[in-house]
Every structure is written in C-alpha cells, then in structure tokens.
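Here it is: the structure, laid out below.
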Amino acid sequence: MLKLEIWCLSLGLLLQGPFTNAAEYFQLPTANQALFEKGGEEKFFAGTAGEAWTTGTFGCVRSDGWRLHEGLDIRCLQRDKRGEPVDPVMATADGTVAYINSRPSLSNYGNYIVLRHQIEGLEIYSLYAHLHEVQQGLKIGDAVKSGQTIAVMGRTANTREGISKDRAHVHFELNFLVNDRFSRWYRKTFPSQRNDHGEWNGQNLLGVDPREILLEQRSQGAKFSLRDWVGRQTELCRVVVRKTDFPWLKRYAMLIRPNPVAQKEGTAGYEVALNFNGVAFELIPRAASEIKGKAKFQLISVNEDEYRRNPCRRLVSKRGSHWELASAGINLLELLTY
Ligand SMILES: [Zn+2]
C-alpha cells in the first residue's frame, strides 16, 4: 500500500512537475499558484473594483491603458472569522531585507517590505505591499531564504477608497533600483515635496513584469536566464546621454555592450535603450565622434508600435510628425544619470 502511494506521488510529480523547481530563481509570494493553471487568471489576479482581472496584472492596464500598475495583485486564499486575509507572504527568492515601512498612513502601499536579491549578478528588488504586518522581529539587513514567511497579507493603504475585503490581495513587484542618490536628487528637484521612504520611493524603483518572468522560468526550467530575459525587453526608445559615470552603469554593468570605437577614442556618453517603463536594458558607450548633438539627452529613435501598446509612462510624446522626450522621460533620465 505504502509502495503504491509513493508510486502515485512520484507519478503526480512527474505529471505536474514539482511545486517549486530548484532551478527557478523566483517563486510566488503566497500559496496562490493559480498563475500556473490554464485559465487560472480569475483565481489569481484581484482586479480593481468592478473591473476585469487584467487590471490586477502588470503594465498599462488601468484607466484605458493610461495608468501603470507596477506589480501583480495576487488574490487572498485564507481568511479569519471576520473575513480578513491571513495568507502568509513569503520571500520570492533568497535575499536581504532592504526596507520596511510600518507606517501605513505614509504610503498608498500601506505596510510594505522590500527585499534585495542578487541573481546572475543583477540586483533585483522585490516588494510586497498592503500587508497586515511584517513578520515580527524581521529588520533591515536580515538575510531571508526563498519561501520564508516575511509578512501576513492585509488591506493597508493610505488611499481614500481603501481595499475592500473581497479584493484582499498582496501587491507584488520585481524592480530595478535607479539611483542610490535618489534622496538628494529628489530634494533638489522637488524641494517642496516630502519623501518619507528615502531611496525606497516608488520613483526610484522601476518594475518589470513578474508574471512574464515566472511563466518563462517555469517553461524554460534550468535554461532560464534572467539576464537574457532583461536583454530581450521590447524597446520603447533609444536615447543618448552625455554622462559617463552614473550608478546604473555599475549596478547593471552586465547590460553594457562593448563598442570598439569608444574603447579606442574614449567614452563621451552612452546610448541607452529604454523599455516602456524606463528600464535601461542596453547601454552602449559612445565616443565623442559618434554623438551628433550637444544636448545632455537626445532622443534618437522611438518604437511607435510599442508606444501605441504601452504609452502609460508618457516618456516620449509626438508633436506633429516628430517625437520628443516628454517631461516624465527627461525626469527619468535626470535621475538615472544623477
Ligand atoms: Zn497593486
């Protein structure tokens, strides 16, 4: 009998694949695994009030495509007697605690925690928001293991509308960090505005789509490469910046593509490919002889199809027949190169 049970279990594993695969860098942050089920979207994503599940996915999915949702809203599975969410929230990968906000009134994310991960040399930050509470005793700098419980799901947010019980979810992000000097830049650029979260202000974290990463990782198994995935982002535009030293170049050095001309003549700036959300996923050093204009930032091309699909970050805009960097685009480049 026992033998039969073991045999059934093994067959089950063979058919379904193991719950988590050792070759997978990231795992889902709660027990809700419906993302991996065919047609499981309704069970997995919490859409906004009265809207389709797609509004709980990552991207230009709100306000008719003009508002960005920078993470996944993952539905609650477990509730207490009063109907409050109690799902344990787990670390998506091995990492360290980078930031904890336990003053929910200071953020539309409510209580949230940020973890830092090093994956294939890429520094990635995961973020878990609207928490009831962060795990007692957890503090900045602590090491956490993939799958370790770091918090309890909740409904915290400082927005007027709040989050109703039936929409209870964890908001989960995977991010690139733009600049270590964010606080100084922000004070200089927006002197009248508060920054309660230091470097962990949402403007300094650029999200990528966790769903794409999790699904591709699941389908490719050990062949999955995060670096390759990042390098395959769809380009929104290409710019040249007349700066040769900024934090992104060090933090994401593996995204730099060598250029023999700049190697020989010296680097005067960088050509940067941005995805729709402003992630600089390819950087090419350029020699002075290769840069035409004098401007600090120059827009050299726009992928109009991608702009039509994902315009919500408004990084570029079209004036008549010609494209230019919009104020959000200039802001992003100012921060990137500060
Ligand atoms: Zn969300």
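Six or more apart or on different chains, Cβ under 7 Å: which pairs go from a residue in the stretch 60-78 that's outside any strand (DSSP E or B) to one that's near the ligand (Cβ under 10 Å from one of its atoms) and not hydrophobic (A, V, I, L, M, F, W, C)? Could you list them?
Pairs that qualify, where the first residue is outside any strand (DSSP E or B) and the partner is near the ligand (Cβ under 10 Å from one of its atoms) and not hydrophobic (A, V, I, L, M, F, W, C), are E70/E173; G71/H171; G71/E173; C76/H169.
On to the next question. Looking at (1) within 23 Å of E199 (Cβ to Cβ); (2) not in a strand (DSSP E or B), which is the one condition that is false for P258?
(1)
Looking at the stretch 78-100, is at least one residue farther than 30 Å from F224 by Cα and either of a type in the set (S, T, Y) or within 13 Å of the ligand (Cβ to nearest atom) (or both)?
No, every residue in the stretch 78-100 fails to be farther than 30 Å from F224 by Cα and either of a type in the set (S, T, Y) or within 13 Å of the ligand (Cβ to nearest atom) (or both).
Further, regarding this structure: Does R103 qualify as being more than 16 Å from the ligand (Cβ to nearest atom), on the phi < 0 side of the Ramachandran plot, surrounded by fewer than 20 Cβ atoms within 10 Å (Cβ to Cβ) and touching a residue at least 40 places away in the same chain (Cβ under 8 Å)?
Considered against the rule, which asks whether it is more than 16 Å from the ligand (Cβ to nearest atom), on the phi < 0 side of the Ramachandran plot, surrounded by fewer than 20 Cβ atoms within 10 Å (Cβ to Cβ) and touching a residue at least 40 places away in the same chain (Cβ under 8 Å), R103 comes out as yes.
Would you point out the residue of the stretch 35-71, among those that are of a type outside the set (G, A, S) and more than 16 Å from the ligand (Cβ to nearest atom), that is nearest to C312 (Cα to Cα)?
W66
A further question on this structure: Which is away from the ligand (no atom under 15 Å from the Cβ), modelled with pLDDT of 95 or more, of a type in the set (A, V, I, L, M, F, W, C) and in contact with a strand residue (DSSP E or B) (Cβ under 6 Å, 6 or more places away or on another chain), of I74, I124?
I124
Follow-up question, since we're still on this one. Scan the stretch 159-201 residue by residue and report those that are surrounded by 14 or more Cβ atoms within 10 Å (Cβ to Cβ), within 14 Å of the ligand (Cβ to nearest atom) and assigned to a loop (DSSP other than H, G, I, E, B).
Answer for the stretch 159-201, where residues must be surrounded by 14 or more Cβ atoms within 10 Å (Cβ to Cβ), within 14 Å of the ligand (Cβ to nearest atom) and assigned to a loop (DSSP other than H, G, I, E, B): I163, A168.
Further question on the same structure: Return a yes/no flag: does the stretch 206-221 have any residue that is in a helix (DSSP H, G or I), touching a residue at least 40 places away in the same chain (Cβ under 8 Å), over 16 Å from the mean Cα position of the chain (by Cα) and more than 27 Å from R309 (Cα to Cα).
yes
Quick check on G137: is it under 25 Å from E42 (Cβ atoms) and of a type in the set (G, A, S)?
So G137 does not fit the description; no.
Same structure, new question: Would you mind stating whether V241 is more than 16 Å from the chain's Cα centre (by Cα) and β-branched (V, I, T)?
Yes: the conditions hold for V241.
To continue, here is another question. Considering (1) closer than 23 Å to G269 by Cα; (2) surrounded by fewer than 18 Cβ atoms within 10 Å (Cβ to Cβ), say which one S219 fails and leave the rest.
Status for S219: all satisfied but (1).
Could you tell me which residue of the stretch 236-260 is surrounded by the fewest Cβ atoms within 10 Å (Cβ to Cβ), considering only residues that are touching a helix residue (DSSP H, G or I) at 6+ places or on another chain (Cβ under 8 Å) and within 22 Å of E173 (Cβ to Cβ)?
Taking the candidates together, the pick is M254.
Continuing with the same structure: Of everything in the stretch 139-158, what is within 25 Å of R251 (Cβ to Cβ) and either surrounded by 19 or more Cβ atoms within 10 Å (Cβ to Cβ) or within 16 Å of the ligand (Cβ to nearest atom) (or both)? Give them in sequence order.
Residues satisfying the conditions are V144, I150.
The values are calculated or read from the model by the stated rules, or taken from the named source; none is laboratory data. Note that the structure is a prediction, hence the values are computed from the model and not measured. Virtual Cβ from ideal backbone geometry, glycine too; neighbours counted across all protein chains shown.
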